[in-house]
Amino acid sequence: SAPGPAVARIAMVAAAEAAYIREACERGVRRDGRACAEYRRCRFAEDTAPNAAGCCELHLGDTIVAVAVVPELSAPAPDRPREGRFLVHVDGAAPGTELMRLERALQCTLAPGACGVAAEQLLIAEGAQCWDIHLAAHVRQADGSALDALSTAALVALAGASIPKVGPGAPASDKEPGPADVEGDLSEATQLRVGGIPSVTTLALIGGALVADCDGAEEHCAAATASVACDDSGDVCAILAVGTEALDAETSDRLLRAACKAAASRRAALLAYLQSQ
Amino acid sequence: MAAVHADVGVITAAVGSAVIELGGSRVLCAIYGPNVDSRQEFSGRGQLQCDVQYATFARRRHCEPAAIAEAQAEVAADVLAALTPAVRLEDYPKTSWAINIFVVQEGGAVLPAAINAASLALAHASVHMRGLVGASAVISTGDDMQVHPTEEAAGTALATVIVATMPALGQTCLVRSAGRASPVQVLDAVAAARKGCGDIHAHLRKVLLARAADGQL
């Protein structure tokens, strides 16, 4: 069905409702009947943007995001001549500051040095040409866990993306300075190895309980959240733990350990899904 | 460990100000407020606003304006995230405090220097706070860890962990990690960074007490 207009679901949570959510989470009960560590139903659709090299639309409960992969020829960064880049652009139905936060967080997980061999696969000619992979992300409906959803959709889109298989052509002559041509049949494509590209999992501390996959109202009530990006090998590529309240060292360590464990477990489930495709 | 230098009251026009030199990074911070904006919707809690600017000569190599703007926005967001739990915003309804940070020189990790400067400047401005925030960075090179790294050391790091805490209360405000490391290495780095925060906090406290003894606070 054709996508409707973007809808922002802004959580308006009254003080009494927030107190109810915190006390319920402390007792292991959530408004929709899930357990604290349980995720909402997740559904993927992978052919939603035929013009893109790869795409994925993900429905995580009432959060709907879409990511399209667009490769573009470019030159490597001077300090990383053997790698291409992943560039993230996020727009959609959320306040501008929230979209910028999502874009920065996602870009941080795809920064140079964090992507493993995937960035090296984008090289065409060392120091001269590479692929820049633009990830155009759209948040159609935000009801909590938007970062997790975007990260997962980006990984699935990259796994299914077809990058043209080209090699460096004849170098530019002295009379015609400029980038070298590429040569190759653009209909031949290569798949990215995405094992080293991290995916993000967020845990929140609500009423003393550690809660996974918060909806919009639960996110509003969280005292702190920890977002962990990890890859197939279990290595942690990025962590961001912030909150409206400061945490004592023991609680902070408990949150970080649980978030790392949840990230590894969720990554294993995602890997199983990708291998089944 | 890199040298640490700090001072307050460096900008007389501001309500509070501080300068920090940490690991080769030099950061100035000025606090203005409390500001009242009649267009703002009523809120029982005050707000913090942070603006970060890099000097054109702050980095060794020339950077595109877009990259600088991105770095500025990222540091500003993280400074706010680190200080929001520490400031008693409920004491300032319908007002806001402006934190203006100027990065004179970038060396090693800028974010801990910015957080420390902002925390010291807020204390100099006598803004109600739960505790003084100390921030430190730890780099992991695989076998070794280094607290408050210099710029040269930071360039060889596999992973960088930045932690902001209120050491007097034993509470953590922010944990940020970038780069690849095992979960055990990251948690060890967080513990080492917490200890580094305690060292920084002692230094900042000494600066404030010296100024108070001189009657300049």
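Readers should treat all values here as calculations from the given coordinates under stated rules, not as data from a laboratory. Worth saying up front: this structure is predicted, and the values here are computed from it rather than measured. Neighbour counts are summed over all protein chains in view; Cβ atoms, including those assigned to glycine, are modelled from backbone coordinates with ideal geometry.
Counting only residues at least eight positions apart within a chain, or on another chain, the aspartates and glutamates with an alpha carbon under 15 Å from that of B:K94 are B:D37, B:E41. Per residue of B:165-177, other chain Cβ atoms within 10 Å of the residue Cβ number 6 on average. Using the Cβ of B:A181 as centre and a radius below 14 Å, the other residues enclosed give a net charge of -3, where K and R count +1 and D and E count -1.
When you filter the GluC sites (Glu not before Pro) in the range A:101-165 for DSSP loop state and at most 16 other Cβ atoms inside 10 Å of their Cβ, you are left with A:E126. Across the range B:132-217, the relative contact order, built from alpha-carbon pairs under 8 Å that are at least six residues apart, equals 32 percent.
Counting charges near A:G84 (Lys, Arg +1; Asp, Glu -1) among other residues having Cβ under 12 Å from its Cβ returns a value of -2. Averaged over the residues of B:80-87, the number of partner chain Cβ atoms lying within 10 Å of the residue Cβ comes to 3. Considering helices alone, the calculated mean residue ellipticity of chain A at 222 nm is -9000 deg cm²/dmol, with DSSP H runs of length four and up weighted by -39500 (n - 2.57) and normalised per residue.
Per-residue ellipticity at 222 nm computed for chain B from its helices equals -11000 deg cm²/dmol, with DSSP H segments shorter than 4 residues left out and the rest contributing -39,500 (n - 2.57). Can you put A:L87, A:L147 in order, fewest other beta carbons within 10 Å first? Ranked by crowding around the Cβ, least crowded first: A:L87, A:L147. Backbone geometry of the range B:13-26 corresponds, through the Karplus equation with coefficients 6.51, -1.76 and 1.60 at θ = phi - 60°, to 3J(HN,Hα) couplings of 6, 8, 5, x, 7, 7, 10, 10, 10, 9, x, x, 8, 10 Hz, x marking Gly and Pro. Going by Cα centres, the range A:62-93 and the range B:146-198 are how many Å apart? Cα centroid of the range A:62-93 versus Cα centroid of the range B:146-198: 28 Å apart. In this rough spin-label picture, where each label sits 7 Å from Cα along the Cβ direction, the B:L169-B:E90 distance is 1.1 nm. Taking Cα atoms only, the orientation of helix B:65-83 departs from the longest principal axis of chain B by about 70 degrees.
Peptide B:180-192 shows a mean partner chain C-beta count of 5 within 10 Å per residue C-beta.
In terms of overall dimensions, the protein assembly as shown has a Cα radius of gyration and Dmax of 23.3, 76 angstrom.
Peptides A:92-101, B:77-86, ordered by how many other C-beta atoms sit within 10 Å of their residues on average, highest first, read B:77-86, A:92-101.
Among B:V133, B:V36, the order by Cβ neighbours within 10 angstrom, fewest to most, reads B:V36, B:V133.
Just to confirm a number: summing +1 for Lys and Arg and -1 for Asp and Glu over residues other than B:V52 whose beta-carbon lies under 10 angstrom from that of B:V52, what do you get? Result for the neighbourhood of B:V52: -3.
Across the range B:150-158, coupling constants 3J(HN,Hα) worked out from phi with the 6.51/-1.76/1.60 Karplus curve, θ = phi - 60°, read 7, 5, 5, 5, 5, x, 9, 6, 7 Hz, and Gly and Pro carry x. Here the residues A:Y273, A:Y39, ranked from fewest to most Cβ neighbours within 10 Å of their Cβ, fall in the order A:Y273, A:Y39. Seen against the Cα atoms of chain A and their longest principal axis, helix A:15-26 is set at about 80 degrees.
The mean sequence distance of close C-alpha pairs (under 8 Å, at least 6 residues apart), as a share of the length of chain B, puts its relative contact order at 22 percent. Across the range B:1-69, C-alpha contacts under 8 Å between residues 6 or more apart give a mean separation that, scaled by the residue count, equals a relative contact order of 19 percent. Seen against the Cα atoms of chain A and their longest principal axis, helix A:146-159 is set at about 30 degrees.
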